[in-house]
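Derivation of every value follows stated rules applied to the coordinates shown; laboratory data play no part. As the structure is a prediction and not an experimental result, all values here were calculated from the model. Glycine also receives a Cβ, built like all others from the backbone with ideal geometry; neighbour counts cover every protein chain displayed.
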Amino acid sequence: MDEPPSGPKNRLPLVIGLGNEHRRDDGSGIEVARALKPRLAGLARVEECSTEGIALLELWRDADRVVVVDAVRSGAVPGTVLRFEAGDGFSPGVHPLTSTHGLSLAEAVSLGRGLGCLPRELVVYGIEADLVEVGDGLTPPVARAVREATERIAAELAPRNGGASSGRVTHHA
């Protein structure tokens, strides 16, 4: 992870892809970040985070608007893309994967809320995982969901719509 820039550049939206690319679908957040980095050059900072969720507190420090992408388990069909805002809390039954991040995304959000260091706007995109065993490569439904999440986040952060939030939406891949 690079040191977060200081000054006006920090006012750019920040996209953080979480996960472990060597645990199959757990790498979906990392893949979204990699796909978005060239597309959002100059429009947003894009970071990958494969360490514990507590690293998020440092990454989003001083950021006003943050989008986090992570693999989740909600019981939905693998490849389902979920979008919600941290103010909504994590929807009942939606669990960011915790086994590979130490402190989970939900716990990092809760800690950030308690410490008063959440970004002004925090949006979470969860991609329903299928396989999270050791290995490389996404399953086909999750690979399709990565493309969907990439398109939705790019559209959400596009200047033409002012980056307005599209609300809470669930789509199946």
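The overall shape of the range 18-69, judged from the alpha-carbon gyration tensor, is oblate: a/c is not under 1.5, and a/b is no greater than b/c. Report the net charge of residues surrounding residue 22, where surrounding means a beta-carbon distance below 12 angstrom and charges are Lys +1, Arg +1, Asp -1, Glu -1. Combined, the nearby Lys, Arg, Asp and Glu give -3. Please give the residues of the range 115-149, grouped as numeric ranges, whose backbone N is less than 18 Å from a label point set 7 Å along the Cα-to-Cβ vector of residue 11. Only 119-121 pass the distance filter. With K and R counted +1 and D and E -1, the other residues having a Cβ less than 14 Å from that of residue 144 yield a net charge of -4. Using the Cβ-Cβ distance between residue 62 and residue 158 with R0 = 35 Å, the FRET efficiency computed as 1/(1 + (r/R0)^6) comes to roughly 0.90.
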